[in-house]
Amino acid sequence: MELVFENWELLFQGAYYTLYIAVISMFFGLFIGIAVALARLKGNRPVRWAARVYVSVIRGTPALVQIVIVYYGLVDYGITLGPLTAACIALSVNIGAYLSEAIRGAILSIPKGQTEAALATGMTSWQAMRRIVLPQAARVAIPPMGNTFIGMLKETSLVSFIAVPELLRSAQLLIARYYVNMPFYIGIAIMYWVMSTVFSAILEAVEKRLSKAY
Amino acid sequence: MTMIVTKELSKTYHDNEVLKGIDLEVRQGEIVVLLGPSGSGKSTLLRCLNGLETLTKGAIEINGVRLEAGMKNRAFKNNLLNIRKQTGMVFQQFNLYPHKTALGNVIESLLIVKKMPRAQAEQLGMKMLERVGLADKRDAYPSKLSGGQQQRVAIARALAMEPDILLFDEPTSALDPELVGEVLDVMRMLAREEGMTMLVVTHEMSFARNVANRVLFMDGGVIVEENDPETFFGQPKTERAQRFLNKINQH
């Protein structure tokens with residue numbers, strides 16, 4: 001276990017990359033998720049269809065396959081991405097699909113009367129969506145989105161496969177250096193667990209606040 | 001002056017014809033009550049008048065703005081928004097925005113649709129809350145208000161847009177009996193005001209009898225009988241209306 005503490009710097013750097021990838025992917029995934037949810041609910045037929053195919057393909061294929069397609073696959077078409085960029089793109093696209101489902105469900109959970117009341121006072125359907133439906137849907141969507149984020153935090157370990165120096169990759173580097181496995185694996189497992197637990201606690205606090213609001 | 005005209009207005013859901021060619025004219029300032037058994041098409045007719053339901057056949061004209069079945073997109077959208085600005089609607093389930101205070105509910109469309117500065121909107125909003133007797137509830141969220149209070153806020157919200165026409169879709173049907181009175185009082189007050197045109201779908205017979213200028217009795221998607229309230233309740237012409245009134249009087 002000593003070796004783990006001695007190499008804390010590299011492991012913390014790994015944890016930093018893990019968090020960085022998760023947060024960036026969540027951020028861009030959120031935009032994708034909102035756009036895709038609205039496309040499925042409000043788009044015309046081809047747009048709805050395209051959004052459905054996107055969600056179905058992403059949810060129906062392994063994240064690791066999506067990552068290697070972005071990193072290795074795109075090279076065939078002259079698009080060479082750094083591992084970190086490729087990781088963020090692949091995971092943003094991945095999480096976007098899951099978030100879009102959470103957001104779509106939340107929008108659908110808002111009673112139709114809310115939109116009708118807004119329309120009846122002269123709002124356009126876009127104004128009604130933006131001012132009346134989305135603010136209420138956001139509250140509904142926060143718990144499932146938080147869980148998706150915590151899932152993403154663990155998914156990031158997949159990008160060790162394309163040599164992004166995140167937590168799992170850092171451990172693998174140290175293992176190659178010292179020829180011992182268990183302490184490093186146990187060490188990073190604990191670090192993943194601490195990070196997930198912290199975010200779970202934050203999420204729980206947020207949910208408690210939300211339930212008190214109006 | 002004619003405020004509302006419908007011409008052979010029909011509405012079909014799937015294969016179910018809910019409205020079968022309604023011809024109606026309402027003058028400015030008229031208080032019209034729509035009566036009839038459930039499923040007779042009263043609410044659908046009301047919802048067609050501000051475009052919450054699309055028209056299957058026929059046309060409506062609200063204050064000179066026309067909406068026709070099968071109208072092309074751009075013209076349709078413009079006229080639809082125009083019509084909605086001239087009509088206010090009060091719903092059975094109130095449909096207040098739960099994430100906004102009473103005042104926030106009232107001024108939302110002043111800010112968003114009319115682009116009114118906030119201070120001016122709040123001033124107008126408070127005036128509307130005063131009219132329905134709820135000025136002291138300005139900062140209360142809907143969840144903290146009784147059903148009757150919620151419906152009065154919803155009326156204030158509709159009034160704030162200064163519509164020429166108010167549509168009431170069973171405004172007291174979701175209320176506890178002891179809260180019905182306060183909402184009807186507000187509606188009576190509005191009915192006494194000069195020039196407000198009101199269409200009310202309700203089961204409150206005393207309101208229909210005392211406040212309406214005209215009663216429309218609907219059944220099976222058509223207007224079966226049209227009369228002044230005294231005649232309608234005293235000597236209904238049609239056998240269908242007689243049966244309806246008998247049933248109600250039994251309770």
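Over 32 Å between Cα atoms: which of A:LYS212/B:LYS11; A:LYS42/B:LYS57; B:LYS77/B:LYS144; B:LYS7/B:LYS237; A:LYS208/B:LYS114; A:LYS42/B:LYS42 fall into that group? Check vs 32 Å cut-off fails for A:LYS212/B:LYS11; B:LYS77/B:LYS144; A:LYS208/B:LYS114. Counting Cβ atoms of other protein chains within 10 Å of each residue's Cβ and taking the mean over peptide B:45-55 gives 1. In the protein assembly as shown, the portion of solvent-accessible area held by carbon and sulfur atoms comes to 55 percent [1.4 Å probe, whole percent, DNA, RNA and ligands not counted]. With helices as the sole contributors, chain B gives -12500 deg cm²/dmol at 222 nm; each DSSP H run of n ≥ 4 counts as -39500 (n - 2.57), and the sum is divided by every residue. When restricted to Cα atoms, the protein assembly as shown yields an Rg and a Dmax of 29.7, 101 Å, respectively. Checking the a/c ratio against 1.5 first, then a/b against b/c, what shape does the Cα gyration tensor give for segment B:6-79? Since a/c reaches 1.5 but b/c is at least a/b, the shape of segment B:6-79 is classed as oblate.
Residue ranking by accessible heavy-atom surface, 1.4 Å probe, largest first, among A:TYR185, A:TYR71 comes out as A:TYR185, A:TYR71. Accessible area per residue was computed with a 1.4 Å probe on protein heavy atoms; B:MET116 scores about 40 Å². Residues whose amide H falls under 5 Å from that of B:MET89, counting only those 5 or more places apart or on a different chain, are B:LEU167, with hydrogens built in the peptide plane.
For chain B, the spherically averaged projection of the C-alpha convex hull amounts to 14.0 nm². Between segment B:79-155 and segment B:184-228, what is the C-alpha centre distance in whole Å? Cα centres, segment B:79-155 to segment B:184-228: 23 Å.
In this structure A:LYS154 has an accessible area near 110 Å², from a 1.4 Å probe over the protein heavy atoms.
Of the listed residues A:ILE142, A:ILE202, A:ILE103, the order by accessible area with a 1.4 Å probe, largest first, is A:ILE202, A:ILE142, A:ILE103. Computed from backbone phi with θ = phi - 60° and the Karplus coefficients 6.51, -1.76 and 1.60, the 3J(HN,Hα) list for segment A:6-16 is 4, 9, 4, 4, 5, 5, 5, 5, x, 5, 4 Hz; x is used for glycine and proline.
Take the convex hull of the alpha carbons in segment B:136-197; its mean projected area over all directions comes to 4.6 nm².
A 1.4 Å probe run over the protein chains yields, for the protein assembly as shown, 48 Å² of accessible area per residue, whole-number rounding. 3J(HN,Hα) couplings calculated from phi for segment A:130-140 with the Karplus curve 6.51 cos²θ - 1.76 cosθ + 1.60 (θ = phi - 60°) are, in sequence order, 6, 8, 10, 7, 4, x, 6, 5, 4, 4, 5 Hz; Gly and Pro show x. For n ≥ 4 DSSP H runs only, could you compute -39500 (n - 2.57) per run for chain A, divide by its residues and tell me the 222 nm figure to the nearest 500? After summing the helix terms and dividing by residue count, I get -26500 deg cm²/dmol.
For segment A:2-213, the percent of C-alpha pairs falling in each 5 Å distance bin, counted from 0 to the bin holding the largest distance, reads 1, 7, 13, 15, 16, 14, 12, 9, 6, 4, 2, 1, 1, 0, 0. Distance from the C-alpha centroid of segment A:29-47 to that of segment A:65-85: 25 Å, rounded to the whole angstrom. Sorting A:107-113, A:84-90 by average packing, meaning the other beta carbons within 10 Å per residue, from highest down gives A:84-90, A:107-113. Legend: residues in segment A:107-127 shielded by at least 20 square angstrom of accessible surface upon adding the remaining protein chains to the isolated chain (1.4 Å probe, heavy atoms) are A:GLY113, A:GLN114, A:GLU116, A:ALA117, A:LEU119, A:ALA120, A:THR121, A:GLY122, A:MET123, A:THR124, A:GLN127. Under the rule that an exposed site lies in a DSSP loop and has at most 14 other Cβ atoms within 10 Å, name the longest stretch of chain B with no GluC sites (Glu not before Pro) of that kind, not counting the sites themselves. The segment B:1-192 is the longest one with no such site. Between helix A:45-59 and chain A, what is the angle of the helix's C-alpha long axis to the longest principal axis, kept within 0 to 90° and rounded to the nearest 10? Around 30 degrees separate the two axes. Rounded to the nearest 100, the interface formed by chains B and A buries 1900 square angstrom of accessible surface, both chains summed, with a 1.4 Å probe. Computed over the alpha-carbon atoms, segment B:90-194 gives an Rg to Rh ratio of 0.94, Rh here being the Kirkwood radius from the mean inverse distance. Based on C-alpha pairs under 8 angstrom that are at least 6 apart in sequence, segment A:2-213 has a relative contact order of 29 percent.
Size of segment A:135-202: Rg and Dmax of its alpha carbons, in Å, are 15.4, 54.
Binning all Cα-Cα separations of segment A:107-161 at 5 Å, short to long from zero, yields these whole-percent fractions: 4, 18, 20, 13, 10, 9, 8, 7, 5, 3, 1. Computed on segment B:1-112, with alpha-carbon pairs under 8 angstrom and 6+ residues apart, the relative contact order is 23 percent.
Rolled with a 1.4 Å probe across the full set of protein chains, the surface gives A:PHE31 an accessible area near 130 Å². At q = 0.25 Å⁻¹, work out log10 I(q)/I(0) for segment B:106-154 with the Debye formula, treating every Cα as an identical point scatterer and leaving solvent out; two decimals please. Debye curve over Cα of segment B:106-154, log10 I(q)/I(0) at q = 0.25 Å⁻¹: -0.92.
The values are calculated or read from the model by the stated rules, or taken from the named source; none is laboratory data. None of the values given here were measured: they were computed from a predicted structure. We place every Cβ from the backbone using ideal geometry, glycine too, and count neighbours over all the protein chains shown. The protein model used for the area step is the full one, side chains on, heavy atoms only, and it has no ligands, DNA or RNA in it. Shrake-Rupley method; radii C 1.70, N 1.55, O 1.52, S 1.80 Å.
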